[in-house]
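The values are calculated or read from the model by the stated rules, or taken from the named source; none is laboratory data. A quick note: this is a predicted structure, and the numbers were derived from the prediction, not measured. Quick reminder, even Gly has a Cβ in these numbers, built from the backbone with ideal geometry, and neighbours come from all protein chains shown. Note: areas computed on protein heavy atoms with side chains; ligands, DNA, RNA excluded. Shrake-Rupley method; radii C 1.70, N 1.55, O 1.52, S 1.80 Å.
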Amino acid sequence: MEKNYNTLRDRLDKLRKRGMDIPKNREKERGVIKRHNYYNLINGYKDPFLVNKSNYPAHADPNEDFYLPGTTPSHLEALYMFDENLRRIFLERILRIEEHLKDVIVQSFYEHHTVKGTNKLVDILHRESEYLRRNYYELTDVTTYVVNERSGHKYTVIGADPGRDATMMRKPKPYKIKKDEVYHSLIAILYSRIGQQRKKNKSISSYIDKHTYLPMWILTNIMTFGNVSKLFEILTLDVQLLVLKKLKINNGTLTNELMVLNASRIIHILSLFRNSCAHNERFYCNNVHTPIDDDFMGYLSKFPQSSQINNLKGGTTYLNQRQFKKIERHRHGIYSLMFCISLFLNKTELTKLKNDVKRELSSLSISLPTTPYQNVERLMGLDFDWYSNLTK
């Protein structure tokens, strides 16, 4: 159905009919609707304030939203501002990780392929016509299967189809990583970016004009985090492991291939949230869809259900349904993003991140009624003692 333009009065009347508290003598609440883009504020941040349809009052239109009693535009604005502050907190960390990761990838690539400066490749590997050649990358397709056990335990199998046994909730579906396609797509993007930057970036054009090539350490500066994610994915295993060693991401409980696969997933998650922040998208309830193995860097131990799952792991007994729903919400919420970021932080830095998030949540809890605030925590996957569970 087509949407017609509505005046401010139309919008206010519509919200009042849907249960929002907007007194006609309260300029503050009317001013909130004036200040913000209606779609971004109302449609973007209404969810925690809505009544469940099964509990609608008799006079409410069942085809429209209806707000919890006492909800005001100021409440939605408070959540809007909370989300803005949250983006800033996370983007600051992700940008630092991006910069560090680029540097480590370049170091590891050159250390491995030049055997720390003793190889004849030293003389040519700084040219993009050399270091972007396919023989420096692992381009064999990889098939993976994410196994969901009845216990709630999650893990990945690489290669052979694991089939299905009594421990699994369902037969896992194959997911193929087409590395050759990733390589060709990335190369096309990188040469395009070099061309673009040569036109608009004087330092890049001057370097190329003078040297006729662009070293990897300069190229990575103009690569997006998404490009870096793809680059890591197609590096040879030896280079990938060297990257993880430098980053201190290796807990020794998984095979090298599974360690690298999960690290690649972590980098991918960070790149997606980095884009979300950069485009000012709604952040607080953004979902993590990329799976992380429970045995990767103690991931499962960060959840309050870990002991129950470990007791049931490998068996045929189902995890309690209520607990299963809870951990799934935690896995897919902002909490998992915090875990991803924590891998790149020391203990002090992680405490600072947690304190920053806790401060914003405390401020929001003062601005919102109890039910909407609890709904926000649920949507973020933070409706448990996340502060104590997320440790180094």
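The table for this structure:
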read-out: Dipole magnitude of segment 140-260 about its Cα centre (Cβ charges: Lys, Arg +1; Asp, Glu -1), debye to nearest 20; value: 520
read-out: Computed label-point distance, nm, for sites THR255 and ILE187 using a 7 Å Cα→Cβ extension; value: 2.8
read-out: Label point distance in nm, TYR38-ILE177, each placed 7 Å from Cα along Cα→Cβ; value: 4.7
read-out: R0 of 30 Å, Cβ-Cβ distance THR351-LYS245: FRET efficiency to nearest 0.05; value: 0.75
read-out: Top positive-direction residue, dipole computed over the chain with Cβ charges, set ASN375, PRO62, GLY159; value: PRO62
read-out: Exposure of VAL142 as accessible area (Å², to 10), given a probe of 1.4 Å and all protein chains; value: 40
read-out: Tail beyond 19 Å, pair distance distribution of segment 182-281 (Cα, percent); value: 53
read-out: Reduced Cα scattering model of the chain, Debye log10 I(q)/I(0), q = 0.07, 0.08 Å⁻¹; value: -0.43, -0.55
read-out: C-alpha center-to-center spacing [segment 345-388, segment 72-115] in angstrom; value: 18
read-out: For the chain, built as a Gaussian network whose Cα springs stay under 10 Å, the top-fluctuating residue of GLU77, GLU328, GLU64; value: GLU64
read-out: Normalised contact order of segment 192-340, rounded percent, pairs of Cα under 8 Å and 6 or more residues apart; value: 20
read-out: Electrostatic dipole magnitude of the chain [Cβ: Lys, Arg +1; Asp, Glu -1; Cα centre; debye, to 20]; value: 620
read-out: Alpha carbon centroid spacing (whole Å) that separates segment 270-318 from segment 173-211; value: 31
read-out: Estimated vicinal HN-Hα couplings, Hz - segment 51-66 in sequence order (Karplus 6.51, -1.76, 1.60; Gly, Pro = x); value: 6, 4, 4, 5, 10, 4, x, 4, 7, 6, 6, x, 9, 10, 5, 9
read-out: Estimated [θ] at 222 nm from DSSP helical runs (n ≥ 4, -39500 (n - 2.57)) normalised by residues in the chain, nearest 500; value: -17000 deg cm²/dmol
read-out: Heavy-atom accessible area order for LEU237, LEU272, LEU12, largest first, 1.4 Å probe; value: LEU272, LEU237, LEU12
read-out: Cα-only Debye scattering, segment 254-383: base-10 log of I(q)/I(0) at q = 0.12, 0.15 Å⁻¹; value: -0.53, -0.83
read-out: Cα pair distances of segment 1-92 binned at 5 Å [whole percent]; value: 2, 12, 23, 24, 18, 12, 6, 3, 1, 0
read-out: For THR156, residues with placed amide H under 5 Å, excluding near neighbours; value: VAL147
read-out: GNM top mover of MET338, MET259, MET169 - the chain, alpha-carbon springs below 10 Å; value: MET169
read-out: Reciprocal mean inverse distance between Cα atoms of segment 38-166 - Kirkwood radius, Å; value: 21.6
